[in-house]
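The values are calculated or read from the model by the stated rules, or taken from the named source; none is laboratory data. Remember, predicted model here, so these are calculated numbers, not experimental data. Every residue, glycine among them, receives a Cβ derived from its backbone with ideal geometry; neighbour counts consider all protein chains shown.
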Amino acid sequence: MTNNILPKLIGNFKNYILIGFVAIFATSCYSVTTSSYSDREFKEKKYNKICIYSYDENLVFRSILEKTMVEELQNLEVDAIEGSVLFPPTRERDEEEYQSELLKNNVDGFLKFEVVYDNINNNATEGEMELDNYFSNDLNSNLRYRFSVHLIDVKTNKVAWIGSSEPINYYEINQFNRDGFFWKFSRSVIEELQEKGHI
């Protein structure tokens with residue numbers, strides 16, 4: 001009986017190692033860079049409590065990004081809270097509702113993430129694309145996504161800082177590389193916020 005169990009355990013162990021290597025390799029393919037600008041009115045203003053809020057319709061990615069950002073900020077001893085905790089994605093709100101809830105929770109910085117996309121091949125028409133057997137893959141390869149990030153000064157409701165990531169292929173993010181991707185992206189945003197003196 002021991003002879004049968006041992007090969008199975010070794011086989012399972014090899015599978016785990018293989019999955020680990022694939023995840024590391026897939027994650028290492030991503031290098032996420034963020035560039036940013038601060039408004040002169042808020043130059044080097046530090047924020048004591050920041051709410052991280054993602055507009056992503058993919059609720060899994062939204063949750064991972066918010067949690068990762070909060071964890072990384074807390075590692076730097078910055079008080080942070082997930083936006084989905086204050087604003088569950090079950091209904092829409094207007095700007096006044098956001099501001100009111102943030103003030104009530106002593107939040108002074110509202111960091112909003114939004115995924116935006118650009119069509120990088122405007123020359124190809126939809127009819128031409130449909131001739132290709134790989135229509136969906138071609139369409140996806142023509143879309144490049146990036147993150148647009150805004151730090152809102154809650155008291156004034158003005159944009160204090162804006163950031164933008166470099167273009168990425170959002171369809172390549174999957175269950176094996178998503179944690180690594182969002183960690184790298186979070187670090188790039190935090191480095192910009194540190195450099196501009198906001199945290």
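Out of the stretch 72-98, which residues are in contact (Cβ under 8 Å) with a residue 12 or more places away in the chain and either within 13 Å of residue 48 (Cβ to Cβ) or touching a strand residue (DSSP E or B) at 6+ places or on another chain (Cβ under 8 Å) (or both)?
Within the stretch 72-98, 73, 76, 78, 79, 80, 81, 82, 83, 84, 86, 87, 98 meet the criteria.
Do you know which of the residues in the stretch 65-117 that are under 25 Å from residue 34 (Cβ atoms) and of a type in the set (Val, Ile, Thr) is surrounded by the most Cβ atoms within 10 Å (Cβ to Cβ)?
Here the residue is 107.
Return yes when residue 84 is closer than 19 Å to residue 172 by Cα and among the polar types (S, T, N, Q) and no when it is not.
No; evaluated as a whole, the condition is false for this residue.
Those residues that are in a strand (DSSP E or B), among the aliphatic types (A, V, I, L, M) and under 10 Å from the mean Cα position of the chain (by Cα), I need them from the stretch 163-196; list them, please.
none
State the number of residues belonging to the stretch 72-86 that are under 17 Å from residue 149 (Cβ atoms) and of a type outside the set (A, V, I, L, M).
4
Can you confirm whether the stretch 85-104 contains a residue that is under 20 Å from residue 163 (Cα atoms), outside any loop (DSSP other than H, G, I, E, B) and modelled with pLDDT under 95?
Within the stretch 85-104 (the criterion being under 20 Å from residue 163 (Cα atoms), outside any loop (DSSP other than H, G, I, E, B) and modelled with pLDDT under 95), the answer is no, since none of the residues qualifies.
With (1) part of a helix (DSSP H, G or I); (2) modelled with pLDDT of 95 or more; (3) surrounded by 17 or more Cβ atoms within 10 Å (Cβ to Cβ) as the list, and residue 61 as the residue in question, which single condition is left unmet?
All conditions pass for residue 61, except number (2).
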